[in-house]
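Only one structure is covered here, and it is reproduced in the block below.
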Amino acid sequence: MLIAREVTKEYQSGDQTIVVLRDVSFTIPQGAFVAIVGPSGSGKTTLLGLLAGLDTPTRGTVVLDESDLGRLNENQRARLRGEKVGFVFQTFQLIPTLTALENVQVPLELRGTPGATERARDLIARVGLGARGHHFPTQLSGGEQQRVAIARAFANSPKILFADEPTGNLDAATGGRIFELLQSLNSDGGSTIILVTHDATLASRASRTIRLLDGAVVEDTERPAAVAV
Amino acid sequence: MGPARGIWSLAWRESRNARRRLLLYMSSISLGVAALVAIDSFSSNIIQSVKEQSRAMMGGDLTFNSSKPLTPKVDSLIDSLSRGGIEFARVTTFPSMAVAPRTAGTRFAQVRGVTGNYPLYGTIVTEPAGRWSELHKGANAIVDPSLLTTLNARVGDVLRLGFGTFTIIGTVKDAPGAAGIAEVFGPRIYIPARYVAETQLLVFGSTADRSVVAKLPPRVDPDKFIGPLRHRLQNEQVRVRTVTQTEMSTADAIENLTSFIGIVGLVALLLGGIGVASGVRAFVARKIDTVAVLRCLGASSGQVMAIYVTQAAAMGLLGAAAGAALGVGVQFLLPNLITGFVPVDIDVTLVPAAVLTGLAIGGWIALIFALRPLLALRNVSPLQTLRRDTDSNVLRMRWTDSPRLIVDLALVSSVVAIALMRARTPEQAFWMSAATGAAILALSLSAALLSWAARRGLRSGWPYVVRQGVANLYRPGNQTRAVTLALGFGAFLVSTLYLVQKNVLRQFSTAAAASVGNVVFFDVQQDQSAGVDSIIRGGGHGVIQTAPVVTMRIASINGRSVTDMRPVRRGEPGRARWALRREFRSTFRDKPAASEKVTAGKWFGPAALRPGPGIGEISLESGISEELNVKVGDTITWNVQGVEIPTRITSFRLVTWTRFEPNFFVVFAPPVLEAAPRQYLVLAQVRDPSAVVLLQRAVVNRFPNVSSLDLTSIKRAVDRIVGRASLAIRFMALFSFAVAIPVLFSAVSATRRARVREGVLLKTLGATRGQIARILLAEYSLLGVLGGLTGMLLSIAGGWGVVRYVFKVPFTPAIAPIMGIAAAIISLTLLIGLLAGRDVFRETPIAALRDS
């Protein structure tokens, strides 16, 4: 479960205060597939950063799986991310000096999980890259890199997965396949998925859509039917 | 698998592409480590060799020596000791002119009259072999081979020494304690002790050293043995020296020799540290994205630090290891360079302690300097994965950041601690650290000034490329400080070494050139002085100076007897033992010589020059006045051949000893010593070099006891040594320059990525190769000029300090050569800057666009 309560984020620019998010509140139950949509500058990415504990709100609280992120320090939040959160980014963010397999191993090794290599190999196989585990990111196509990133995001069986424009750098067909992969991981493993996107078609396939405009929630729609897709 | 192992393997894998680069940055410290390891290992080798050979060098466990014949009391003491089972051998050393009648060759030489059992330790190897045992069978002589060369003589020839006649039965092939430098003052001639008298050279006041060497039973400590006897012997004017003292003083001399080089090595290491810091800064900038991802994936800041500190430490250790290996290589080469400086055969072996110390110091310096930029990685927010800020913003640290302050403190205290460990005195360590700190501060200030001036001075009317280049000096993430530091410090080090070398060695060359006399005659008896004078003048040569010499000792200072004083060791505050106890060979004259200058008090006035009642006046050489801890106005009573003569110090003189003229610690006003028995030193000027030998022969034929020294040959020998020393220092300067190169590369690479990205972007927007080159040229030439000039100014200050306070000689800045060094540094900067720019030209715009 992920709860946002009156989350506000402000930046100081000179003597001006810029409000990026204002009083954003919602509750996302475990296992949901939520799309956060809105035009550029509406505060989507800022919200994602706050929900994932990458940043702290100016006011308001974020509770992630019963932990109030505001009460944790940076290292405690890091531990929480390591245990419960997965990330998928628009620019993939694979570590260039590590092979695909090693990239997937990173979260496991940071926690000292036994059998990291086997688990990573299994995950790489599940995203369809079983034969390419020893390739470096630069040797993979964009779609393949994103699949590695997804495998890495699921390495710790996260309770919640944040995806920031995961298909933004991919063509429509590849993007579609990535989305399906996310969906299947959502329905198989029960992970909550929070997807930030511009893409209205993609957003329409989520079970719930939260629309932002100028830092405020202007629409929050559930589409129970979509879960069946 | 625990988290620690996970971190280790992650650190290893993650470093995959960066290892080579990181190692390059770390190589900045390699040369510094090499210098430390080489110097430490080599001096340890020398000291070990001295330990092993010191008995042979001294010829025994103990020596007693005196410049006078030993008194009956000393002789009876030796007799009673030898009855107790201690073996003694005697050596009487004195100068003489050696004449080979067959060839008419003459040469100044050192004669050693030895008893049959000499040496007590070690052996003297002769050519032909086995002649040493023949020495005592008659009036035989065994000589250094160089004597035969100059006399044009051969084994079997007759050799005249004073009034004695000897047969040369062999040459010395190898003798314990043979030092190259001693031979400058004349080749050695060994003769049996019982024939010394036949030479009739040991007359009143002549220069001679009588020593007795003793061999103690095994397991008797020479210092403990001599302890109770020391005082009795000293009262008889006998100096006592034990083998441990010899070892210690040789070790001291070696440390003096190596400490200067060691300090240069240490400063090179610090310069390397700066290189490491700027290199790691570049490395850190490349790692921001990776760290942000790691943070997203749950890595704590501690884990992030662990990964990169592990990498840096491993590479730092590798850099230090490469340096240590190089140092060992140099260590094995060094003996070839310094033969002749050291009185022992050096046994070169690996010194694990020196290698480990070098590794530890080098590894630590690399780590601590790397730690500072690495700390910035703690602050990389996982948010950077979503929104990437500029490198400099991400890596910015607050002044008050406590880990940063701790690292800074550790850095400063490590430098001070290492300086304390390496320097000979805490004072030296303090000045060294202070000078380094001041240099870094001055360079940072001038970098800040340059940034400020660039921002203020930039004019919109300037061509675009110049504006762009100048703006690079102050824009966020600029390299002004890093490059100025590396450059300026390099320039500072190289120029300081150059200035020190120039100033110190100039003392020798100019002084030697200034002296007019080139042949000195000594041991001239009172009744011979007129004769020697007429021989010189008769040959058409000039007499530059005839100085009377009176031997004496100090009886009391300010009324307090020397025997009641508590003398100190040389260099400690108080009255130095060697100066209180030595035999002074003083002169008297009414005017100061050309080679001396009164620095305190006044030269003898008319009253002092008139005979009359009252206390006599003396002038002291300023160095000896420090050793004796006296001031102008103090009184010294001298024991001149048993007569006590009270005197007052009325002036101090600065003496240019290197002018090869008769110079004296103490000069008396003439009336005081006119009645004292004396000898003369005569300095002659012989313009034609070939006439020198003829003059020497003419004098020795008439006065066999008078020795003479051809100063030209000594000058030549000194020049050779000075030449070697200057070569060594030039090598050190070149070495520092070599250190500066990787450091400069590291400094430039810190912003290389930003320059390349920017250059490619400009190229995409239509900039030509020439324009981009000019932008880089504008930036790097300003950096080069600033770094070079600041370093130059600093080196003048540093050079002045070292020359004035360490070497105690006057300082003149050699502006032109250090301008040359500055120019070389500037060119080097430009070259490295343009090399960095090469990547801009190599990369296609499309690749850069795809990359960003």
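Note on the stretch B:391-472: enclosed helices (runs of 4 or more DSSP H) holding 3 or more residues that are more than 22 Å from residue B:273 (Cα to Cα) and within 38 Å of the chain's Cα centre (by Cα) are B:426-457.
Would it be correct to say that residue B:321 is without any contact (Cβ under 8 Å) to a residue 40 or more places away in the chain, more than 12 Å from chain A (Cβ to nearest Cβ) and either in contact with a helix residue (DSSP H, G or I) (Cβ under 7 Å, 6 or more places away or on another chain) or under 19 Å from residue B:411 (Cβ atoms) (or both)? It would help to see each step written out before you state the result.
Values: without any contact (Cβ under 8 Å) to a residue 40 or more places away in the chain: yes; more than 12 Å from chain A (Cβ to nearest Cβ): yes; either in contact with a helix residue (DSSP H, G or I) (Cβ under 7 Å, 6 or more places away or on another chain) or under 19 Å from residue B:411 (Cβ atoms) (or both): yes.
Yes.
Quick check on the stretch B:288-296. Is at least one of its residues surrounded by fewer than 21 Cβ atoms within 10 Å (Cβ to Cβ) and either more than 20 Å from residue B:45 (Cα to Cα) or more than 14 Å from chain A (Cβ to nearest Cβ) (or both)?
Initially, the stretch B:288-296 is screened for residues surrounded by fewer than 21 Cβ atoms within 10 Å (Cβ to Cβ), giving B:288-289.
Then keep just the ones that are either more than 20 Å from residue B:45 (Cα to Cα) or more than 14 Å from chain A (Cβ to nearest Cβ) (or both); that gives B:288-289.
Checking the stretch B:288-296: at least one residue is surrounded by fewer than 21 Cβ atoms within 10 Å (Cβ to Cβ) and either more than 20 Å from residue B:45 (Cα to Cα) or more than 14 Å from chain A (Cβ to nearest Cβ) (or both).
If you go through the stretch A:72-98 and keep only what is more than 16 Å from the chain's Cα centre (by Cα), at pLDDT below 90 and more than 8 Å from chain B (Cβ to nearest Cβ), you end up with A:73, A:76. Considering each residue of the stretch A:197-216, count those that are more than 15 Å from residue A:45 (Cβ to Cβ), part of a strand (DSSP E or B) and among the aliphatic types (A, V, I, L, M), and give that number. The total comes to 1.
Within the stretch B:574-608, being in contact with a Ser or Thr (Cβ under 9 Å, 6 or more places away or on another chain), of a type in the set (D, E, K, R) and buried (at least 16 other Cβ atoms within 10 Å of the Cβ) holds for B:585, B:596. Looking at the stretch B:133-171, which of its residues are loosely packed, with under 15 Cβ neighbours inside 10 Å, within 24 Å of residue B:58 (Cβ to Cβ) and touching a residue at least 24 places away in the same chain (Cβ under 8 Å)? B:145, the sole residue that qualifies.
Out of everything in the stretch A:135-149 that is surrounded by fewer than 24 Cβ atoms within 10 Å (Cβ to Cβ) and more than 12 Å from chain B (Cβ to nearest Cβ), what residue ends up being nearest to residue A:86 (Cα to Cα)? Across the stretch A:135-149, the extreme among qualifying residues is A:145. Note on the stretch A:169-184: residues that are surrounded by 17 or more Cβ atoms within 10 Å (Cβ to Cβ) and either farther than 28 Å from residue A:30 by Cα or in contact with a His (Cβ under 7 Å, 6 or more places away or on another chain) (or both) total 1. The residue list B:326, B:383, B:374 contains one member that is of a type outside the set (D, E, K, R) and farther than 20 Å from residue B:20 by Cα, which is B:383. When restricted to residues that are facing another protein chain (nearest Cβ under 7 Å) and either part of a helix (DSSP H, G or I) or crowded, with 23+ Cβ neighbours inside 10 Å (or both), the stretch A:99-118 contains 7.
Given the criteria over 30 Å from residue B:761 (Cβ atoms) and basic (Lys, Arg), does residue B:804 qualify? Taking the combined requirement at face value, the residue satisfies it.
Filtering the stretch B:115-132 to residues that are free of Cβ contacts under 8 Å to residues at least 60 places away in the same chain, assigned to a loop (DSSP other than H, G, I, E, B) and in contact with a Gly (Cβ under 8 Å, 6 or more places away or on another chain) leaves B:128, B:131.
Tell me, yes or no, whether the stretch B:364-372 has at least one residue that is in a helix (DSSP H, G or I) and either within 14 Å of another protein chain (Cβ to nearest Cβ) or free of Cβ contacts under 8 Å to residues at least 12 places away in the same chain (or both). Looking for residues that are in a helix (DSSP H, G or I) and either within 14 Å of another protein chain (Cβ to nearest Cβ) or free of Cβ contacts under 8 Å to residues at least 12 places away in the same chain (or both), one finds none in the stretch B:364-372, hence no.
If only one of B:802, B:809 is at pLDDT below 80, within 30 Å of residue B:430 (Cα to Cα) and not in a helix (DSSP H, G or I), which one is it? Give the steps one after another, and end with the answer.
On the way: B:802 fails: not in a helix (DSSP H, G or I).
Going through B:802, B:809 in turn, just one is at pLDDT below 80, within 30 Å of residue B:430 (Cα to Cα) and not in a helix (DSSP H, G or I): B:809.
I need a count of the residues in the stretch B:446-478 that are modelled with pLDDT of 80 or more, surrounded by 13 or more Cβ atoms within 10 Å (Cβ to Cβ), touching a helix residue (DSSP H, G or I) at 6+ places or on another chain (Cβ under 9 Å) and under 24 Å from residue B:491 (Cβ atoms). Matching residues across the stretch B:446-478 total 12.
Just for strands (runs of 3 or more DSSP E) wholly inside the stretch B:612-666: which have at least 3 residues that are among the charged types (D, E, K, R)? Show your work before the answer.
Numbers: elements: B:616-621, B:635-640, B:643-655.
Ranges flagged: B:643-655.
A single member of B:71, B:93, B:63 is at negative phi, at pLDDT 85 or above and β-branched (Val, Ile, Thr), and it is B:93. Check whether at least one residue in the stretch A:58-71 is touching a strand residue (DSSP E or B) at 6+ places or on another chain (Cβ under 8 Å), within 10 Å of chain B (Cβ to nearest Cβ) and either touching a residue at least 24 places away in the same chain (Cβ under 8 Å) or not hydrophobic (A, V, I, L, M, F, W, C) (or both), and report yes or no. No, the stretch A:58-71 contains no residue that is touching a strand residue (DSSP E or B) at 6+ places or on another chain (Cβ under 8 Å), within 10 Å of chain B (Cβ to nearest Cβ) and either touching a residue at least 24 places away in the same chain (Cβ under 8 Å) or not hydrophobic (A, V, I, L, M, F, W, C) (or both).
Contact map, the stretch B:266-291: first residue at pLDDT 85 or above, second residue among the charged types (D, E, K, R) and not in a helix (DSSP H, G or I), Cβ cut-off under 9 Å, separation 6 or more or different chains; pairs are B:288/B:388; B:288/B:389; B:289/B:388. Number of residues in the stretch A:119-134 that are more than 14 Å from chain B (Cβ to nearest Cβ), more than 29 Å from residue A:34 (Cα to Cα) and either outside any helix (DSSP H, G or I) or touching a Cys at 6+ places or on another chain (Cβ under 6 Å) (or both) equals 0. Taking the stretch B:812-823 on its own, how many of its residues are hydrophobic (A, V, I, L, M, F, W, C), in a helix (DSSP H, G or I) and surrounded by 13 or more Cβ atoms within 10 Å (Cβ to Cβ)? Residues flagged as hydrophobic (A, V, I, L, M, F, W, C), in a helix (DSSP H, G or I) and surrounded by 13 or more Cβ atoms within 10 Å (Cβ to Cβ) within the stretch B:812-823 amount to 5.
With the requirement that a residue be over 10 Å from residue A:100 (Cβ atoms) and touching a residue at least 12 places away in the same chain (Cβ under 8 Å), what does the stretch A:124-134 give you?
As a first pass, look at the stretch A:124-134 and keep what is over 10 Å from residue A:100 (Cβ atoms): A:125-126, A:128, A:130-131.
Those that are over 10 Å from residue A:100 (Cβ atoms) and touching a residue at least 12 places away in the same chain (Cβ under 8 Å): A:126, A:128.
Conditions (1) in contact (Cβ under 8 Å) with a residue 24 or more places away in the chain; (2) farther than 30 Å from residue A:195 by Cα, marked per residue:
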site	(1), (2)
B:387	no, no
B:396	no, yes
B:407	yes, yes
B:411	yes, yes
B:416	no, yes
B:424	yes, yes
B:429	no, yes
B:434	no, yes
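Test residue B:850 against the criterion of being over 22 Å from residue B:427 (Cβ atoms) and at pLDDT below 75, and give yes or no.
Details: over 22 Å from residue B:427 (Cβ atoms): yes; at pLDDT below 75: yes.
Answer is yes for this residue.
Please go through the stretch A:31-55 and give me each residue that is in contact with an Asp or Glu (Cβ under 9 Å, 6 or more places away or on another chain), among the polar types (S, T, N, Q) and within 14 Å of chain B (Cβ to nearest Cβ), ordered by number. Within the stretch A:31-55, A:45, A:46 meet the criteria.
The values are calculated or read from the model by the stated rules, or taken from the named source; none is laboratory data. For clarity, every value in this text was computed on a predicted model and none was experimentally measured. Cβ sites come from the backbone with ideal geometry, for glycine too, and all protein chains shown count toward neighbours.
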